[in-house]
Amino acid sequence: MSAGSIVVESHPADTLMRADRLPHILCPGCGIGSVVHTYVDAIAESGIPVNQHVCVSGIGCSGRAAGYVNIDSYHTTHGRAIPFALGIATYRPDLHVTVISGDGDLTAIGGNHFIHAARRSVALLVLCINNFNYGMTGGQAGPTTPLSAMSRTTPHGCWERPFNLPFLAQAIGASYVARWTVLHVRQLRTALLRAMNKQGFRFIEILSPCPTGFGRPNDIGDGLSEMQNYLRRCEVNNEIDLRAVDIDLTQQDSPIYVGDFVDVDRASFRPQVVHRAGA
Amino acid sequence: MTPAAAPAVDETTRVIAGDHFMLGDHACAEGALAAGLDFYAGYPITPSTEIMEHLAERLPTVGGTFVQMEDEIGSVAAIIGASAAGARVMTATSGPGFSLMMENIGLAAMMEVPIVIVDVQRASPSTGLPTSVGQSDLFQVRWGSHGDYSVIVYCPASPQECFDLTVAAFNAADQYRVPAFVLMDEIVGHMTERVAIPPVENIPRVRRKRPNVPPGSPDFLPFKADEDLVPPMAHAGEGYRVHMTGLTHDERGYPSLTAQTHEKLINRLVDKVRLNADRIARYELLQTEDADVVVVALGCTSRSARRAVALARMQGIRAGMLRPITMWPFPKTALKELANNGMVKRFVVPEINLGQMSREVQRHTPLPVTRLNHPGGAMITPNQILEALAQ
Ligand code: SF4
């Protein structure tokens, strides 16, 4: 080891990470690690006892997040993280359940659960790590793949209109809606902290590089280039009409709006308990 | 730790001890309540809906949680999550909904999260005959999810058994940490008969095994099995910081994607039931002591068979019946004993499908097996079975 290198035996986040599982399986330049890091930072700062945090994930690269956090964590089936989490959050309302999910997992195969959990105002914090493609299966298109984007299943460019997730989340009844990118770690941490301490269904979209599946075929380059792209194009606007926050890849210089868009009070779903007179 | 959602419950309201004239589906719901059901998530489908409707009425009055989900996939996922958090859970469905549940049944088997699923069978495949009887999910319930895993399946033949075997399913699920099923059929589910519900202290309740080390103990490995092949189970929010995954995992619960880990894990999941099959399997024998022809029938078909055996005896035919109460594990030891007792010459297997259980019977005996099948929509009558016995 060369003189001057920094050797640390442990990292402050070690107790909240399953350090014995590292190194992780994610590609260099992938944004998922940043999300997990910010998430565990927020857990530490949340003021909520660590043992009351629960993480549930589905399938795919983002789905692996649950495997790295050192709290009760469940890596479930494709698209079904939300109903699994509903079971925990509804039976144990004292627990703080976070769903970490990819865009395909959450809004393609899991789309029905997403809208119904939000409609019910289930007490879940749902993070969607949106990298615009199915990373783990090798870069196929999904419901957030922008128009004209290239993928393994859109070799001539995507011609399906993508979901505008913040708009969708607002429409279906989320009490909190934000969008940040993995470049905005401070804002993301603040958003996570705010959301962790709210009731109801909370949703944060986190734009994240997938150099392997999305960056390469779309000439975005490596993870760093995609971060530079975010730096150049992102515009913070908390007040914007969410109909206007589509991400348009055909317009290289069009803004990508980020911000804390929705913050309203909505009570968490609590199934009724009926106490009968005399019972 | 007492879950915040489940306040103290008056067990006498939960268990309505006494004699009742009751629908099979309702008896099943009452069995679940008596077994300690904490959380029900489901989606309506004929002919199982009365179970859900009954629990919608009853469960919230005893402090339990009832959720009507958006579909069957969400229903089974939700009960697995609630069970992972410590709840006693159930969902109920029929064939088309059951098919939708299969992927997550595999997840429950892999995570070893106890769940109870009731399938009230109707004529199938596809939408089939929604309001008419079928018995064609016998193999789906055993093999429907991909891969090798073990399950325990009870087949009631009366409303009384709908109650008793639902209790048994909860206990089996918790004891072995497996998905356990109550495989009913439309006739039994929609039949009204006397049901005797015992007082609460007489309801057998087996609880899942829990860790005997405190949270944070380095000795705790969430998937390290005891001698009985079943690991003690830690629930969400207790501080054990478990990781559960549908991926092949080691004793820590961490993914370990090697053939060796897979072999060890899957063999254990299957052996939990396979090695205990004789202890778990339940069956009824009727007049088999001197029988030379034995009918093997379950569910509503066993009711026709019971009559057919009586009619046959009147005609001097030495008929008897083996009624599997667990379809899986199949009571093969009992079947083999009959087949090898030197008296039995032949088996007759009536069933409302085109030959699922007869295949299982054939697998365990070289004796001739007469099939008597109907694809669904109607019962097999005592006379049809009598004819097959008289051949
Ligand atoms: S494929 Fe994409 S999302 Fe998956 S780890 Fe690699 S960079 Fe990350």
Any chance region A:147-159 includes a residue that's among the basic types (K, R), surrounded by fewer than 24 Cβ atoms within 10 Å (Cβ to Cβ) and within 16 Å of the ligand (Cβ to nearest atom)? yes
Taking the stated definitions as given, is B:A84 within 29 Å of A:S121 (Cβ to Cβ), among the hydrophobic types (A, V, I, L, M, F, W, C) and either in contact (Cβ under 8 Å) with a residue 60 or more places away in the chain or in contact with a helix residue (DSSP H, G or I) (Cβ under 7 Å, 6 or more places away or on another chain) (or both)? yes
Within region A:8-33, restricting to residues that are open to solvent by less than 40 Å² (accessible area, probe 1.4 Å), in contact with a strand residue (DSSP E or B) (Cβ under 9 Å, 6 or more places away or on another chain) and more than 14 Å from chain B (Cβ to nearest Cβ), the one that is farthest from the ligand (Cβ to nearest atom) is A:G31
Those residues of region B:268-285 which are without any contact (Cβ under 8 Å) to a residue 24 or more places away in the chain and either in contact with a helix residue (DSSP H, G or I) (Cβ under 9 Å, 6 or more places away or on another chain) or β-branched (V, I, T) (or both), in sequence order: none
Every residue from region B:53-85 that is open to solvent by 10 Å² or more (accessible area, probe 1.4 Å) and more than 7 Å from chain A (Cβ to nearest Cβ): B:E53, B:H54, B:A56, B:E57, B:R58, B:Q68, B:E72
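Please go through region B:16-48 and pick out each residue that is open to solvent by 10 Å² or more (accessible area, probe 1.4 Å), away from chain A (no Cβ under 14 Å) and either free of Cβ contacts under 8 Å to residues at least 12 places away in the same chain or not in a helix (DSSP H, G or I) (or both). Reasoning before the result, please.
At the first step, the residues of region B:16-48 found to be open to solvent by 10 Å² or more (accessible area, probe 1.4 Å) are B:16-23, B:26, B:38, B:43-46.
From what's left, away from chain A (no Cβ under 14 Å): B:17-23, B:26, B:44-46.
B:A17, B:G18, B:D19, B:H20, B:F21, B:M22, B:L23, B:P44, B:I45, B:T46, listed by residue number.
Has region B:7-14 got at least one residue that is modelled with pLDDT of 95 or more and part of a helix (DSSP H, G or I)?
no
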Within region A:88-115, of all residues that are over 25 Å from A:G139 (Cβ atoms) and of a type in the set (S, T, Y), the one nearest to the other protein chains (Cβ to nearest Cβ) is A:Y91
Sole residue being more than 15 Å from the chain's Cα centre (by Cα), crowded, with 24+ Cβ neighbours inside 10 Å and at pLDDT 95 or above, chosen from A:T90, A:T144, A:T98: A:T90
Taking interchain pairs and intrachain pairs at least six residues apart, which have beta carbon atoms under 6 angstrom, with the first residue in region B:217-245 and more than 17 Å from B:A109 (Cα to Cα) and the second open to solvent by 30 Å² or more (accessible area, probe 1.4 Å) and not in a loop (DSSP other than H, G, I, E, B)? B:G239/A:N51
Filter pass, B:D228 being more than 10 Å from chain A (Cβ to nearest Cβ), touching a Ser or Thr at 6+ places or on another chain (Cβ under 7 Å) and surrounded by fewer than 21 Cβ atoms within 10 Å (Cβ to Cβ): no
Just a yes or no: is a residue in region B:357-379 open to solvent by 40 Å² or more (accessible area, probe 1.4 Å), among the β-branched types (V, I, T) and either within 28 Å of B:T333 (Cβ to Cβ) or not in a helix (DSSP H, G or I) (or both)? no
Of those in region A:35-74 that are open to solvent by 40 Å² or more (accessible area, probe 1.4 Å) and not hydrophobic (A, V, I, L, M, F, W, C), the residue nearest to the other protein chains (Cβ to nearest Cβ) is A:N51
State which residue pairs qualify: first residue within 13 Å of A:G213 (Cβ to Cβ) and inside region A:19-33, second residue more than 8 Å from the ligand (Cβ to nearest atom) and open to solvent by 50 Å² or more (accessible area, probe 1.4 Å) in any location, beta carbons under 6 Å apart, and separation of 6 or more residues or different chains. A:G29/A:D222
Search region B:180-215 for residues being in a helix (DSSP H, G or I) and of a type in the set (D, E, K, R), and hand back the single one that is most open to solvent (accessible area, probe 1.4 Å). B:E201
Checking A:A85 against (1) within 12 Å of another protein chain (Cβ to nearest Cβ); (2) open to solvent by 10 Å² or more (accessible area, probe 1.4 Å): exactly one of these is not met. Which one? (2)
Among the residues of region B:235-257, are any within 23 Å of the chain's Cα centre (by Cα) and either open to solvent by less than 30 Å² (accessible area, probe 1.4 Å) or of a type in the set (K, R) (or both)? no
For region A:116-138 the number of residues that are within 14 Å of the ligand (Cβ to nearest atom), on the phi > 0 side of the Ramachandran plot and either surrounded by fewer than 24 Cβ atoms within 10 Å (Cβ to Cβ) or without any contact (Cβ under 8 Å) to a residue 60 or more places away in the chain (or both) is 1
What residue, of B:L100, B:L107, is within 14 Å of chain A (Cβ to nearest Cβ), hydrophobic (A, V, I, L, M, F, W, C) and touching a Ser or Thr at 6+ places or on another chain (Cβ under 6 Å)? B:L107
All but one of (1) open to solvent by 30 Å² or more (accessible area, probe 1.4 Å); (2) under 21 Å from the mean Cα position of the chain (by Cα); (3) touching a residue at least 12 places away in the same chain (Cβ under 8 Å) hold for A:D253; which doesn't? (2)
Which one of these does B:R177 not meet: (1) on the phi > 0 side of the Ramachandran plot; (2) more than 15 Å from the chain's Cα centre (by Cα)? (2)
Out of region A:172-228, which residues are away from the ligand (no atom under 12 Å from the Cβ), of a type in the set (S, T, Y) and open to solvent by 30 Å² or more (accessible area, probe 1.4 Å)? A:T190, A:S225
Read through the list (1) in contact with a Pro (Cβ under 9 Å, 6 or more places away or on another chain); (2) open to solvent by 20 Å² or more (accessible area, probe 1.4 Å), then give the number of the only condition that B:F347 fails. (2)
Output the qualifying pairs, or none if there are none: Cβ atoms under 8 angstrom, residues six or more apart or on different chains, first residue in region A:202-218 and within 23 Å of A:H96 (Cβ to Cβ), second residue hydroxyl-bearing (S, T, Y) and more than 8 Å from the ligand (Cβ to nearest atom). A:R202/A:S175; A:R202/A:Y176; A:F203/A:Y176; A:I204/A:Y176; A:I206/A:T181; A:S208/A:S34; A:S208/A:T181
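Test of understanding: among A:G60, A:G47, A:G104, which residue is of a type outside the set (F, W, Y), outside any helix (DSSP H, G or I) and within 16 Å of the ligand (Cβ to nearest atom)? Don't jump to the end; show me each part of the working.
On the way: A:G47 fails: within 16 Å of the ligand (Cβ to nearest atom); A:G104 fails: outside any helix (DSSP H, G or I).
None of the others qualify; the one that does is A:G60.
The values are calculated or read from the model by the stated rules, or taken from the named source; none is laboratory data. These numbers come from a predicted model, not from an experiment. All Cβ positions, even for glycine, are placed from backbone atoms using ideal geometry, and neighbour counts span all protein chains on display. The area values use the complete protein model at the heavy-atom level, side chains included, leaving out ligands, DNA and RNA. Shrake-Rupley method; radii C 1.70, N 1.55, O 1.52, S 1.80 Å.
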